[in-house]
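*Asks:* For reference, the structure I am asking about is given below.
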Amino acid sequence: MGMKTAFLTYGPARTSPALKVAATAAYVIGGVLLVWSAYVHFHLWQSVGYRKIPTIGPLFLLQSIGGLALGLLVIAVRRVWAAILGVGFALSTMVGFFISVHHGLFGFKDSSAAPYAHEALIIEIATIAVLIVAGALCFARSASPTLTRTAPSKRASAGA
């Protein structure tokens, strides 16, 4: 892998122990949020009737399968590239919802008052925020435990 894309493979292991725990927790929380979003979309598809909507129904099922797989992947690999995929997935879910509410999508116009709309939106926003933090923590370095010592000034050594 080239130097320009090597950062994509960064994970929590390259940070200090405290940051490693924080990054790992953020990846797990982000993955769980993706799975939760997948569950909400599956519930809407299965129980609320979205499965009967042409094109939108299959997309809800696809979102639930993809969200489950991606959520588990984020938890399993804990790498920057997985966080980026998770953020993109959550963003695309939100964009699809907003397009459907404001303009309609594939002949279907949704409502912001639809069942679980607000909950799903909050989950997507939280997913984006948590996975951005998870990825950012993989770049963080802790301060060196040893202090940098400087040579005493000439004035201080001359008086001694």
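*Asks:* Among the residues of the stretch 48-64, write down those that are loosely packed, with under 13 Cβ neighbours inside 10 Å and either in a helix (DSSP H, G or I) or at pLDDT 95 or above (or both).
*Replies:* Within the stretch 48-64, K52, L62 meet the criteria.
*Asks:* Which condition breaks for A13 when tested against (1) more than 22 Å from A126 (Cα to Cα); (2) under 20 Å from the mean Cα position of the chain (by Cα); (3) touching a residue at least 24 places away in the same chain (Cβ under 8 Å)?
*Replies:* Failing condition for A13: (3).
*Asks:* Could I ask something else about it? Taking the stretch 74-127 as the search range and keeping residues that are buried (at least 18 other Cβ atoms within 10 Å of the Cβ) and β-branched (V, I, T), which one is farthest from A38 (Cα to Cα)?
*Replies:* The extreme case among them is V80.
*Asks:* For the stretch 16-47, what are the residues that are without any contact (Cβ under 8 Å) to a residue 24 or more places away in the chain, crowded, with 17+ Cβ neighbours inside 10 Å and over 30 Å from Y116 (Cβ atoms)?
*Replies:* K20
The values are calculated or read from the model by the stated rules, or taken from the named source; none is laboratory data. Everything quoted here is computed from the prediction, not taken from an experiment. We place every Cβ from the backbone using ideal geometry, glycine too, and count neighbours over all the protein chains shown.
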